[in-house]
Amino acid sequence: MKAVVVHGHGGPEVLRYQDWERPEPAQDEVLIEVHAAAINHIDVWIRKGLPGVTFPFPLIPGCDAAGIVRAAGAGVSGMPAGTRVAINPGISCGRCEFCAGGFGGQCDRFLMVGENRHGSYAQFLTVPAHIVLPIPDTLTFEQAAAAPLVTLTAWSMMVNKGQLRPGEDVLILGVGAGVGTAALQIAKMTGCRVFAAASADEKLELASSLGADFLINYAREEFDKKIRQLTDRRGVDVVVDYIGAETWVRSLRSARKGGRVLTCGATTGFDPRTDLRQIFYRQVQVIGSTMGSHRDFLDAMRAVFRGQIKPVIDRVLPLSEAGRGHEAIEKREVFGKVVLKPWDGA
Ligand SMILES: [Zn+2]
């Protein structure tokens, strides 16, 4: 089969499109013919390297996949060949104290498809059957691959941990990214007012088309001051910030007294200066989140299946051009997801 394989850290050129042995499903696994694979920021970090983290190279990256079940191990039932499916990229053990409490995203043995084992930048993929979800015919493979990681991440952070409530004011920073487009739609379906912030007017126009109530270009104006002005100095109930270093201090200032600042990433750096007075004096809660439980995945995907959350796709590229996709994401040229197609014309 064809696959994109990373043999060592580096620029987009280390995403090598090559022949690779087609995998066989183990006892509890299914073999999926991959028809769409979405690129996530984690793929870029795996390619570039993260301090203190070792990846099992050579590695096929790619967390998000949609395709057709072609075979299953002897221990798998209810997953016949031909079933159209998507996957939950996170694999929880189901046995540790966190899994037992319903917090599979905090599992002691948490594994990621495309990080700890081969991922979806390939024509075929094997995964444990319990992370595989049949998809309705109304959803294209591209949409089904674009949704899971970002939608379950936003869902777990906002609905589960953030306890989002109708009528709340929500500020979303970097609204053009995949998590941002999902966060915006979750806030709207909950009945919140959304303040969308991004560094480019085109991205804000697209956010407006998804229902954003207020648009803030933070390349042009200080977003914390703008939030104070738009909310009569109150601040917002919830801030969603995965930008990190560039925005953190202003994010804390944008929250109302007792508000929540939700963080699930740090694309511009992970060691921002923090003004602790903004946290204790104003009693702001900082809530961290990454990925989510399988329940979060199922809840988020149900909303996608019903059309309440629309997967936002910036562009579709052939698998051989994965490097171009990574470049576009690193330059923040995209609104929504970049999706790779491993098969010509399929
Ligand atoms: Zn566990």
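Looking at this structure, is ASP108 farther than 22 Å from ALA266 by Cα, acidic (Asp, Glu) and surrounded by 20 or more Cβ atoms within 10 Å (Cβ to Cβ)? Here the answer is no, as ASP108 does not meet what is asked. Out of ARG256, ARG228, one residue alone is open to solvent by 40 Å² or more (accessible area, probe 1.4 Å), of a type outside the set (Gly, Ala, Ser), on the phi < 0 side of the Ramachandran plot and part of a strand (DSSP E or B). It is ARG256. Remark: pairs (first residue in segment 37-54, on the phi < 0 side of the Ramachandran plot and of a type in the set (S, T, N, Q); second residue assigned to a loop (DSSP other than H, G, I, E, B) and modelled with pLDDT of 95 or more; Cβ separation under 6 Å; 6+ apart in sequence or on different chains) = ASN40/CYS63. Of the residues making up segment 266-276, one or more are surrounded by 15 or more Cβ atoms within 10 Å (Cβ to Cβ) and more than 28 Å from GLU205 (Cα to Cα). Taking the listed residues ASP241, ASP271, ASP296, the one that is at negative phi and without any contact (Cβ under 8 Å) to a residue 40 or more places away in the chain is ASP271, with no other qualifying.
It is to be established whether one or more residues within segment 262-278 are of a type outside the set (Gly, Ala, Ser), more than 17 Å from ARG228 (Cα to Cα) and in a helix (DSSP H, G or I). Yes, segment 262-278 contains at least one residue that is of a type outside the set (Gly, Ala, Ser), more than 17 Å from ARG228 (Cα to Cα) and in a helix (DSSP H, G or I). Here segment 62-76 is the region considered, the condition is being in contact with a Lys or Arg (Cβ under 9 Å, 6 or more places away or on another chain) and under 15 Å from LEU319 (Cβ atoms), and the residue that is surrounded by the most Cβ atoms within 10 Å (Cβ to Cβ) is ASP64. Evaluating ASP296 against the criteria (1) part of a loop (DSSP other than H, G, I, E, B); (2) out of contact with any strand residue (DSSP E or B) (no Cβ under 7 Å at 6 or more places or on another chain); (3) open to solvent by less than 60 Å² (accessible area, probe 1.4 Å) leaves one unmet condition, (1).
Only one residue in VAL34, VAL4 is of a type in the set (A, V, I, L, M, F, W, C), modelled with pLDDT of 95 or more and touching a helix residue (DSSP H, G or I) at 6+ places or on another chain (Cβ under 8 Å), so which one is that? If you could, list the steps in order and put the result at the bottom.
Numbers: VAL34 fails: touching a helix residue (DSSP H, G or I) at 6+ places or on another chain (Cβ under 8 Å).
That would be VAL4, the only listed residue that is of a type in the set (A, V, I, L, M, F, W, C), modelled with pLDDT of 95 or more and touching a helix residue (DSSP H, G or I) at 6+ places or on another chain (Cβ under 8 Å).
Would you check if there is a residue in segment 104-114 being at positive phi and either part of a strand (DSSP E or B) or within 16 Å of the ligand (Cβ to nearest atom) (or both)?
Start the filter on segment 104-114 by keeping residues that are at positive phi, which leaves 114.
Then keep just the ones that are either part of a strand (DSSP E or B) or within 16 Å of the ligand (Cβ to nearest atom) (or both); that gives none.
No, segment 104-114 contains no residue that is at positive phi and either part of a strand (DSSP E or B) or within 16 Å of the ligand (Cβ to nearest atom) (or both).
The set of residues from segment 79-101 being in contact (Cβ under 8 Å) with a residue 12 or more places away in the chain, more than 11 Å from the ligand (Cβ to nearest atom) and part of a loop (DSSP other than H, G, I, E, B) comprises MET79, ALA81, GLY82, THR83, ASN88, PRO89. Scanning segment 5-15 for residues that are farther than 30 Å from HIS130 by Cα and either open to solvent by 100 Å² or more (accessible area, probe 1.4 Å) or in a loop (DSSP other than H, G, I, E, B) (or both) turns up GLY8, HIS9, GLY10, GLY11, GLU13.
A quick yes/no check of all residues on (1) open to solvent by 60 Å² or more (accessible area, probe 1.4 Å); (2) modelled with pLDDT under 95; (3) among the hydrophobic types (A, V, I, L, M, F, W, C):
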{"position": "LYS48", "(1), (2), (3)": "yes, no, no"}
{"position": "ILE60", "(1), (2), (3)": "no, no, yes"}
{"position": "PHE98", "(1), (2), (3)": "yes, no, yes"}
{"position": "GLU115", "(1), (2), (3)": "no, no, no"}
{"position": "GLU142", "(1), (2), (3)": "no, no, no"}
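For segment 231-250, the candidate set comprises residues that are closer than 10 Å to THR263 by Cβ and of a type in the set (A, V, I, L, M, F, W, C); within that set, the residue that is most open to solvent (accessible area, probe 1.4 Å) is TRP248.
When PHE214, PHE195, PHE223 are screened for being open to solvent by 50 Å² or more (accessible area, probe 1.4 Å) and of a type in the set (Phe, Trp, Tyr), only PHE214 passes. Checking each residue in segment 22-42 for being under 17 Å from PRO61 (Cβ atoms) and open to solvent by 20 Å² or more (accessible area, probe 1.4 Å) picks out PRO23, HIS41, ILE42. Taking segment 115-134 as the range and being polar (S, T, N, Q) and away from the ligand (no atom under 16 Å from the Cβ) as the test, the residues that pass are SER120, GLN123, THR126. Here ASP137 meets the list (1) open to solvent by less than 40 Å² (accessible area, probe 1.4 Å); (2) more than 16 Å from the ligand (Cβ to nearest atom) almost entirely, failing just condition (1).
The values are calculated or read from the model by the stated rules, or taken from the named source; none is laboratory data. In this text, all values refer to a predicted model and were calculated from it rather than measured experimentally. We place every Cβ from the backbone using ideal geometry, glycine too, and count neighbours over all the protein chains shown. Ligands, DNA and RNA are excluded from the accessible area calculation, which covers all protein heavy atoms including side chains. Shrake-Rupley method; radii C 1.70, N 1.55, O 1.52, S 1.80 Å.
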